[in-house]
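The values are calculated or read from the model by the stated rules, or taken from the named source; none is laboratory data. All values derive from a computational prediction rather than experimental measurement. Don't worry about glycine lacking a Cβ; one is built from the backbone with ideal geometry, like all the others, and counts go over all protein chains shown.
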Amino acid sequence: MLSYPIELEDDDGAVLATSPDFPELTTFGDDRDEALARAVGALEEAIAARIHDGRDVPSPSGGTVRVTLPTLTAVKLILYQGMKEQGIGKAELARRLGWHLPQVDRVLDLRHRSRLDGMDAALGAIGRRLQVSAKDTSRASG
């Protein structure tokens, strides 16, 4: 999973959340938990804006307080970054997949709930393979 650092600070009774990786990210919460929850949405918006504008999206830097991107957002970001690294534009991806351009727009749109099989196909078209695993997070009893 992709997780980005978040800096928290008290701001007149509210908690201000910013990110060293995204100077444009600023959000507030009534407490730490609310600020972190809102930071996830703000992070997605910052990434969506960068993808829309064709700008680079940084890899996560270090930091102790972090928020994790939702899985589908992370997969879309991996696709976008792979396309940028290889110089593959939307038209080329559409050609490789036999898709229409609006279908490519949707797999790169963080607000669109793309299907996993479509994301897998798009990643395959740029030479990437999606791997899925699950980690048991329940506490061991006894």
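Points to keep in mind about this one:
To keep it simple, each residue is scored yes or no on (1) of a type outside the set (Gly, Ala, Ser); (2) free of Cβ contacts under 8 Å to residues at least 24 places away in the same chain; (3) closer than 20 Å to residue 47 by Cα.
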| residue | (1), (2), (3) |
| --- | --- |
| 95 | yes, yes, no |
| 100 | yes, yes, no |
| 106 | yes, yes, yes |
| 112 | yes, yes, yes |
| 119 | yes, no, yes |
| 122 | no, no, yes |
| 134 | no, yes, no |
| 138 | no, yes, no |
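- Filter result (assigned to a loop (DSSP other than H, G, I, E, B) and either surrounded by 17 or more Cβ atoms within 10 Å (Cβ to Cβ) or among the basic types (Lys, Arg) (or both)) within the stretch 85-108: 88, 99
- Only listed residue being in contact with a helix residue (DSSP H, G or I) (Cβ under 9 Å, 6 or more places away or on another chain), under 23 Å from residue 132 (Cβ atoms) and not polar (S, T, N, Q), chosen from 25, 43, 101: 43
- Of the residues making up the stretch 24-36, not a single one is within 14 Å of the chain's Cα centre (by Cα) and among the small types (Gly, Ala, Ser).
- Selected residue (criterion: surrounded by the most Cβ atoms within 10 Å (Cβ to Cβ)) from residues of the stretch 5-51 that are acidic (Asp, Glu) and closer than 16 Å to residue 70 by Cβ: 44
- Whether a residue is of a type outside the set (Ser, Thr, Tyr), surrounded by 10 or more Cβ atoms within 10 Å (Cβ to Cβ), in contact with a strand residue (DSSP E or B) (Cβ under 8 Å, 6 or more places away or on another chain) and touching a residue at least 60 places away in the same chain (Cβ under 8 Å) was assessed, and residue 69 passes this test.
- Any hit, the stretch 101-108, residues being closer than 25 Å to residue 23 by Cβ and modelled with pLDDT of 95 or more: yes
- Every residue from the stretch 109-125 that is buried (at least 17 other Cβ atoms within 10 Å of the Cβ) and assigned to a loop (DSSP other than H, G, I, E, B): 110, 114
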